[in-house]
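The structure under discussion appears below in the form of structure tokens.
The values are calculated or read from the model by the stated rules, or taken from the named source; none is laboratory data. Nothing here was measured: the structure is a model prediction, and the numbers come from that model. Note that each Cβ is placed from the backbone with ideal geometry, even for glycine, and that neighbours are counted across all protein chains shown. Keep in mind that these areas ignore ligands, DNA and RNA; they rest on the heavy atoms of the full protein, side chains included. Shrake-Rupley method; radii C 1.70, N 1.55, O 1.52, S 1.80 Å.
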Amino acid sequence: MAGGGIASIGVNKERAENYNGKLTLYVIIACIVAAVGGSLFGYDIGISGGVTSMDEFLRRFFYSVYLKKQHVHEDNYCKYNNQVLAAFTSSLYMAGLVASLVASPITRNHGRRASIICGGISFFLGAVLNAAAINLGMLLFGRIMLGVGIGFGNQAVPLYLSEMAPAHLRGCLNMMFQLATTLGIFTANMINYGTSKLHPWGWRLSLGLAAAPAFVMTVGGMLLPETPNSLIEQGNKTKGRRVLERIRGTENVDAEFEDMVDASELARLVKHPFRNILKRRNRPQLIMAILMPTFQILTGINIILFYAPVLFQSMGFKRAASLYSSALTGAVLASSTLVSMATVDRWGRRILLITGGIQMIICQVIVAIILGLKFGSDKELSRGYSIIVVVFICLFVAAFGYSWGPLGWTVPSEIFPLETRSAGQSITVTVNLFFTFAIAQSFLSLLCVMRFGIFLFFSGWIAVMTIFIYLFLPETKGVPIEEMMRLWEKHWFWKKIVSEDQQAKNTNGLNHA
């Protein structure tokens, strides 16, 4: 049937224009609680670098690094080069990678809330184990439990936010995940600054306080409603409509409800979403789900967020000054995310990604030039050049905060049809965590080998991804989440792939008829 082809590629255009509803207090509260999952991710990113620069922590678990750090004339770029120390940071992300694959069928079959709750419980247990660690094995096992929590949380929370938000505010509300992440980073940096003065157990407090957002996420997940999309997908249309009316603040939700029902009927026909996502008509979304998180990590942001205190100390900053500088970058990241939330649904995704990319390239090149000319293996930066480096690192972080930071999660979470949405988000999370693991494990060695060239390495990748966005990402601003398939049909490049696949399906349908 001709109509069958249209149903498979998107919702009815006229119906999408008849969506009603407003931003309700119910949606705001639900999104705030759900976004706390982002703070788990952010807290760990921020806390790791500070803890690994504390002498008491290094002396207990990484004594060889502690001894190397004491040598004043040690090569500054190689001072912290230790693969076991890197594993302390990176083990979490490998565990998260595996957990995100497990979380995908749970998120699809049992709802977004189930994954949020599982993530919160696992992260809570990991925080307790880390705080109480008495040996390296216990410390690393705690990190693995934290990783499982992040895998589940990063799988479910962006989907939850995208499905709860009205179409015209989806970008802003979805960015609450990234805002919570940045606030988690800033909070962790400030806690590290304070606990570094608590000898010898300050590092335990830093690691243990991760249990607080984990507790909030777990309890909040138990109290949150399931998204109407998920309820309808599970066959509970009556409850799905009731929740939809509640979160939109009106009973006139026929258009949006009918689109969700149509999408869920198609989704139920897909028994193997991971196999389905490989089909030609899903090629554009699959490529975005792989490249967006890849590019997000290849901005080099993690060398700042993971290892800010270590990096600043390598540049010759004193311990207190390095922690203060990393706290400053955390504050800049959080505030710049607010800028993105205020502009993303007005200016669109593309302009923020492109302008942010250009700004990041300029900042990284300038930092590389200063380090290359003024910073050697056995000397410190002067006060003036140190200030310039911190300023341009903050400008780099600000650019990431309003562009690739939030949009690296927002865009992949909103472009998939319902039948492959959980699988697509799982791929996004898996790719993100894989490259996060790779950078976390290799950065200290890369810094030792490439020295100031590490910034040029990442700036080259930013140039590539900025060009990619300009050429291949259509604007998703204001497009209902169930209508995204139409974007690819209109895009100058992707329409060749999607249209050919659809024409083949229609031809086969006519032949069978």
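Here are some notes:
- Packing here is the average count of other Cβ atoms within 10 Å per residue, and on that basis the peptides 479-491, 37-49, highest first, run 37-49, 479-491.
- Relative contact order [Cα under 8 Å, 6+ residues apart], the chain, whole percent: 26 percent
- Where only DSSP H runs of four or more residues are counted, the chain gives -26000 deg cm²/dmol as its mean residue ellipticity at 222 nm, each run worth -39500 (n - 2.57).
- Relative protection proxy for 95-107, 439-451, from highest mean packing down: 95-107, 439-451 (other beta-carbon atoms within 10 angstrom).
- For the stretch 230-282, the relative contact order comes to 32 percent (Cα pairs under 8 Å, sequence separation of at least 6).
- The fraction of accessible area contributed by carbon and sulfur in the chain is 67 percent, rounded to a whole number (1.4 Å probe; ligands and nucleic acids excluded).
- Cut-off under 5 Å, modelled amide H: who pairs with T227 long-range: R112, R113
- Stretching the chain fully between F493 and L373 yields a gain of 38.9 nm (0.36 nm per residue, less the alpha carbon separation).
- Inter-label distance, nm, simple model (7 Å from Cα along the C-beta direction), T238/H168: 3.3 nm
- Candidate values [x] 190; [y] 175; [z] 126, label of the one derived for volume of the Cα convex hull per residue in Å³: [z]
- Cα centroid of the stretch 152-177 to Cα centroid of the stretch 443-489, whole Å: 20 Å
- Efficiency of FRET between V449 and Y26 - r from beta-carbon atoms, R0 56 angstrom, step 0.05: 0.60
- Calculated FRET value between I467 and I134, using beta carbons and R₀ = 35 Å, to 0.05: 0.10
- For the chain, the solvent-accessible area works out to 37 Å² per residue, with a probe of 1.4 Å and every protein chain left in place.
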